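Laboratory data are not the source of any read-out in this text; all were calculated from the coordinates shown. Everything numeric here is computed off the predicted structure, so don't read it as measured data. Methodologically, a virtual Cβ is constructed for each residue, glycine included, from the backbone with ideal geometry; neighbour enumeration extends over all protein chains shown.
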Amino acid sequence: MFILDQITAFFQQFLVLVSNPLNILAVFGAVILGIIFGATPGLTATLGVALLTTLTYGMATNTAMVILLAVYVGAVYGGSYTSILVNIPGTAAAAATALDGYPLACQGKAGKALGLTTTASAIGTFIGMLFVVTLLPVISALALQFTSFEFFLLALYGIVISGTLTSRDLVYKGWIAGALGLFLSVIGRDRLQFYPRFTFGYSELDGGLDIVPVLIGAFGIPQIIQVLKDKVCIKKTEKLQKILPEFREIVRHFSDIVRSALIGVGIGAVPGIGEDIAGWVSYGAAKNASKHPEKFGTGEVKAVISTETANNACIGGAMIPLLSLGIPGSPPAAMLLGALLLHGVQPGPMLMSDHPKFVLEVAAILLLSSFAMWVVGMLLAKQVVKVLRIPPAIFMPFIAVLCVLGSYALGLRIFNLYLMVPVGIIAYFLVEMGYPIAPLVIAVILGPMADENLRRALMVSKGSLLPVFTRPVALALFLAIVLTVLSQTRPFKKVVTEIRKKLFSRKQVA
Amino acid sequence: MMDKQKLRRADFVTSIILVLFGIWILHESFQMPMRDSFGGVQNVWYVSPALFPLIIGSLTILLGAALLIHSIISGGAKYFLQILRKKPQEPSEATMRFIVICMAILFFVYLHIPRIDFFLSVSLFLIFLISIFYLDDKALFQKLALFYFLGNMILLVLFAAGADRILGRVWRFCTDCAALIFWLTYIIYAGKRISGDVRGKRMFRTALLVSLIVPVILCPVFRYLLLVPLPTEGIVVELMNWIRYSLG
């Protein structure tokens, strides 16, 4: 009954929202702006929400929320554009999309890939919204089970899984990239005792490395160098009229969409974990579930759909701890929290009594944004694929300028540019030597969380690691890490193959 | 990505670097407070700021060692010794292109952006990089790259000698004027080199147009719409500011 009441109240709220033409105009405008932010390397969803928080300060709370949420939705989706077209993820959330999206563009299927990601993103946002409406209290209670040990293990799992999944040469090259990223993440003063680690006396390093220049340097610079050096030419897309995906195609991948949406919501609901992790975990799940995992990385539609559904579903998931606990579920949600506080809305357990309709209003905005994103995405995709007509020798230097501006814009620090260049050049050599870059970036993002939570957990347990084995969620995460690492070793693979053979032969006998 | 033989050779070198890097991390970590007091806090090993770096250092050594063993088994060490015995060869075209891209980015970020007007910096970076790669002429490539390198070296010497600060006291846009002269000289030099080539001329015109249109759009968007102050606001950005605020 509670769920039915919630859905009825939600639709009432949705009608109120769409009855105001100004809201519809604001949603469409903000989604376009969000897509531009997401598609531009360096201009992340976080930056988009941050910049618009100041611009919407003078507006009414609901209008400001309409704009900020629509920018968030548009930016998370927009990252897939550059991922697919030029292999530079516009945002970290779209990094997993590039693995198969770019090969699809190289095969002349950029239009198809963009059409599918648009639809998958819209469905993902819609499912995320459904969870906000119906299961907000349940998921909030589950997220509350996470303590420092779980956070540490979750961060470690994110790094290990992305290292395992993205290695094209040797699996431990992915883990090495993760270790290098973890090293970059510890540079600066530690958060518990403020002791300077690896700062070499530079005050600019005291605050640690900013994520954005590392992200842009690691993903953008190697791509720019590679395209210009090797005279890489992206194949021009054919079949532009085929952007609208066939209904059958969506139905065929329905199970992937549902699974990825659930992963996205679940990961979004865990505080501090963002769209990027959702994308990678969903990619891994899709690869494991696939009958042809070897096709992943060569332009597999299933992979693109899975990552894009998950990262957009994560938005709804991120709203759950934000609204119910006042804890942001992702970095852009942290900016939203700031915006809410500026507008006098205090998220947390008292939100339902202080602003009873607010949660449903957020869900209604998410639904409207997902619709606007789909419409705008379908219209823009045709125009965006025309980017492929620009010669790389003209386009890549332009992207380089955007990378520089993007690195500088968030912190307004020229030091970020000094950091971006060496990170980019090292990343280029790493890519050339078969090291994946995504685990490095993921480790830079999750490193502080892992460091802080490990020490905090050990402080509580007085140095004992026993809670890892006594807490069910921690144990599950620990086993997942151990299994992921062991699954890459020869003896483990041999045992699995033998078990499979035995099972198969028994079935045949039966 | 490299071919298998080159990969294993590179693995051999990088694994040694990784092991050494891991040892260095451990060495640095042991300098951090482990049991002693820091800022009035009595440390225990599990709260020490050294704990996580110690884990990272150990992991790096472990993974580096695994890579080293793999590279030795798969012949990486042998390939490396073979390459050491070979006579050094002339850099390939791809290597030259790599060096030129890195040079352009390094000059742009470390030399131009902190000292020269952002509009001019972007325009100079774009005209060089687009013209050199879009025209894609081997003879022209070397000449333009050398010209750009020498021009930047002159700027570097001027900045290192402190000429920008001395001249800046006379007129604060002196550095920008030097960059503007460099920009114009580059265009004249490149224009003369391709004067007989109709296709080349057309391509160079496109490069010039893009190098002007991009900063004309980006600078106002960031400066006035996103309210992001540009890294260095000199002669052109100040002129834009004057126009923008005169319009109200």
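Could you give the length gained by full extension between B:Tyr245 and B:Val198, i.e. 0.36 nm per residue of separation minus their alpha carbon distance, to one decimal place?
Result: 12.7 nm gained on full extension.
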Item checked: For the range B:105-248: rounded, prolate or oblate by the Cα gyration tensor [a/c cutoff 1.5] -> oblate
Check: Simple spin-label model, 7 Å along Cα-to-Cβ: B:Leu81 to A:Arg490 in nm?
Finding: 2.3 nm
Next item on the list: Please give, to one decimal in nm, the separation of the simple spin-label points placed at A:Phe194 and A:Lys231, each 7 Å out from Cα toward the Cβ.
Entry: 5.7 nm
Check: Once fully extended, how much extra length lies between B:Ile99 and B:Leu184, figured as 0.36 nm per residue of separation less the alpha-carbon to alpha-carbon distance?
Finding: 28.2 nm
Notebook entry, point to check: To the nearest 0.05, how large is the calculated FRET efficiency for A:Gln383 and B:Arg35 if R₀ is 60 Å and r is the Cβ-Cβ distance?
Noted result: 0.45
Notebook entry, point to check: Using only helices, what value at 222 nm comes out for chain B when you add -39,500 (n - 2.57) per DSSP H run of length 4 or more and divide by the total residues, to the nearest 500 deg cm²/dmol?
Noted result: -24500 deg cm²/dmol
Checklist line | Whole-angstrom Cα spans of chain A along principal axes, big to small | finding: 70, 62, 60
Notebook entry, point to check: Do any of A:Lys173/B:Lys78; A:Lys173/A:Lys231; A:Lys112/B:Lys4; A:Lys229/B:Lys6 go past 23 Å between their Cα atoms, and which?
Noted result: A:Lys173/A:Lys231; A:Lys112/B:Lys4
Checklist line | chain A, helix-only ellipticity at 222 nm - DSSP H runs n ≥ 4, -39,500 (n - 2.57), divided by all residues, nearest 500 | finding: -24500 deg cm²/dmol
Check: How many Cβ atoms of partner chains, on average, are near each residue of A:414-425 if near means within 10 Å of its Cβ?
Finding: 3
Item checked: For the range A:63-77, Karplus couplings with θ = phi - 60° (6.51, -1.76, 1.60), whole Hz, Gly/Pro x -> 5, 4, 5, 4, 5, 5, 5, 5, 5, 4, 4, x, 5, 5, 6
Item checked: Long-range amide H partners of A:Arg197 with built H, under 5 Å -> A:Gly188, A:Arg189, A:Asp190
Check: Which of A:Thr489, B:Thr206 comes first, and how do the rest follow, when ranked by fewest Cβ neighbours within 10 Å?
Finding: A:Thr489, B:Thr206
Next item on the list: Neighbouring Cβ atoms within 10 Å as the yardstick, rank A:Ser330, B:Ser131, B:Ser71 fewest first.
Entry: B:Ser71, B:Ser131, A:Ser330
Notebook entry, point to check: So between B:Ile73 and B:Arg165, what do we pick up on full extension, going 0.36 nm a residue minus the alpha carbon distance?
Noted result: 27.3 nm
Checklist line | DSSP-loop trypsin sites (Lys or Arg not before Pro) across the range B:72-154, with at most 16 other Cβ within 10 angstrom | finding: B:Lys86
Checklist line | Inter-part distance where the range B:105-166 and the range B:27-91 are each reduced to a Cα centre, Å | finding: 37 Å
Margin query: Given contacts defined as C-alpha pairs under 8 Å and at least six residues apart, what's the relative contact order of chain A, whole-number percent?
Written below: 27 percent
Notebook entry, point to check: Which ³J(HN,Hα) values, rounded to whole Hz and listed in residue order, are derived for the range A:456-461 from phi using the Karplus coefficients 6.51, -1.76 and 1.60 in 6.51 cos²θ - 1.76 cosθ + 1.60 with θ = phi - 60°, glycine and proline given as x?
Noted result: 5, 5, 5, 5, 5, 8
Check: Under a plain spin-label model, where a point goes 7 Å from the Cα along Cα-to-Cβ, how far apart in nm are A:Ile390 and A:Ile481?
Finding: 4.3 nm
Check: What residues of the range A:438-474 lie in the reach of a label at B:Trp45, counting those whose backbone N is under 15 Å from a point 7 Å from the Cα along Cα→Cβ?
Finding: A:455, A:458-459, A:462-466
Next item on the list: Could you pull out the longest piece of chain A with no exposed loop trypsin sites (Lys or Arg not before Pro) in it, calling a site exposed if DSSP puts it outside H, G, I, E, B and it has at most 10 other Cβ atoms within 10 Å?
Entry: A:1-290
Note to self: Residue by residue through the range B:190-205, what is 3J(HN,Hα) from phi via Karplus (6.51 cos²θ - 1.76 cosθ + 1.60, θ = phi - 60°)? Round to whole Hz and write x for glycine and proline.
What the structure shows: 5, x, 5, 5, 10, 4, x, 9, 5, 5, x, 4, 4, 5, 5, 4
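Which ordering of A:His343, A:His253 is given by a fewest-first count of other beta-carbon atoms within 10 Å? Walk me through the numbers on the way to the answer.
Numbers: A:His343 17, A:His253 23.
Ordered by Cβ neighbours within 10 Å, fewest first: A:His343, A:His253.
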